[in-house]
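Just so it is clear, none of the values below were taken in a lab; they were calculated from the coordinates. On a predicted model such as this, the values are computed, not experimentally measured, just so you know. Quick reminder, even Gly has a Cβ in these numbers, built from the backbone with ideal geometry, and neighbours come from all protein chains shown.
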């Protein structure tokens, strides 16, 4: 089974190869049939390779071993990469919105050609399949960088379909692709913003969901009847590595060795359940 790091590399490399091949095909077809829309769309496809390169670089940095300056490792480089990918996705959405508005205001129509339609539809199918593959990997391996790259692929597939619609309907409903472009670009913009916000939480820290917090407290309480007042539960994500710190109260007259044994048991149970590295701080029970 491939490691999570290898998955990140494979997704990025495969994406770059496919994007480059599609760029060459669409660019040559666009030049041959003098289609500015297809040439522009081919350049957008090539720009997706930049996003995939960001994914590769972020995974490479994230899996560098811990050092003196980064004792918890470099896992958050993946989160930084996801923010970059999300930002690029927002830029893509803005460009698509801007182009859609321009076409609508200028009442621009496109030259009908079956070759252009076939190439664009094939490109859309390939990019949507690539998007679904990347999205599945992103969800399976909990990687927002891969999820962001998947949406870049999907935005390119959508753009190809819109250009194709523009060619097919240019003689009758010239405005269809422009209006659809405005709607889709707005949706992609919201997805990009959500990706950046959610990824920022991994770097800045966030409060545990109430349901998970209750679940953790119930698990800890079941370890020993002497444990009370479980508080200050903080989670820190470093890529796939997660650290959690928490405080518990134990009787002040308890022997140090016994208190240490309980704390170790708490750390062990939480690690077995969630795969986290846990640090427990012990405080005396309040009188």
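Summarising the overall dimensions of segment 7-56 from its C-alpha atoms, the Rg and Dmax are 12.0, 39 angstrom.
What length, rounded to one decimal in nm, is gained on full extension from residue 31 through to residue 286, with 0.36 nm per residue of separation minus their alpha-carbon distance?
On the way: separation 255, 0.36 × 255 = 91.80 nm, distance 7.80 nm.
84.0 nm is the gain from fully extending residue 31 to residue 286.
Each eigenvalue of the Cα gyration tensor of segment 1-139, multiplied by 5 and square-rooted, gives one semi-axis; in descending order these are 35, 17, 11 Å. Mind checking the angle between helix 76-106 and the chain's longest principal axis? C-alpha axes, 0 to 90 degrees, to the nearest 10. With both axes taken from Cα atoms, the answer is about 30 degrees. Relative to the current alpha-carbon distance between residue 187 and residue 98, full extension at 0.36 nm per residue lengthens the span by 30.6 nm.
Can you divide the C-alpha Rg of the chain by 2.2 N^0.38 Å and report the result to two decimal places? Write down the numbers at each step before the final one.
On the way: Rg = 25.3 Å, N = 287, 2.2 N^0.38 = 18.9 Å.
With N residues counted in the chain, Rg over 2.2 N^0.38 Å equals 1.34.
The label point for residue 233 and the one for residue 261, both projected 7 Å from the Cα toward the Cβ, are 2.6 nm apart. In degrees from 0 to 90, rounded to the nearest 10, what is the angle of the helix 36-62 Cα long axis to the longest principal axis of the chain? Approximately 20 degrees, to the nearest ten. Per residue, the convex hull spanned by the Cα atoms of segment 210-284 amounts to 81 cubic angstrom.
For segment 153-274, taking Cα atoms only, Rg and Dmax work out to 25.8, 87 Å respectively.
Between the alpha-carbon centers of segment 227-287 and segment 137-166, tell me the distance in whole angstrom. Taking the Cα centre of segment 137-166 as reference, the centre of segment 227-287 is 41 Å away. For a paramagnetic label modelled on residue 5 (point 7 Å from Cα along Cα→Cβ), amide N atoms under 17 Å away belong, within segment 42-61, to 55-61. Calculate how many DSSP beta bridges within the chain are antiparallel, expressed in % of all such bridges and rounded to the nearest 5. Here the share of antiparallel DSSP bridges comes out near 50 percent.
For segment 121-204, the fraction of C-alpha pairs farther apart than 17 angstrom is 55 percent.
With angles folded into 0 to 90 degrees, how steeply does helix 176-204 sit against the dominant principal axis of the chain? Use alpha carbons for both and round to 10. Between helix and principal axis, roughly 20 degrees. Taking 0.36 nm per residue of sequence separation and removing the Cα-Cα distance, the residue 13/residue 198 pair yields an extension gain of 64.1 nm.
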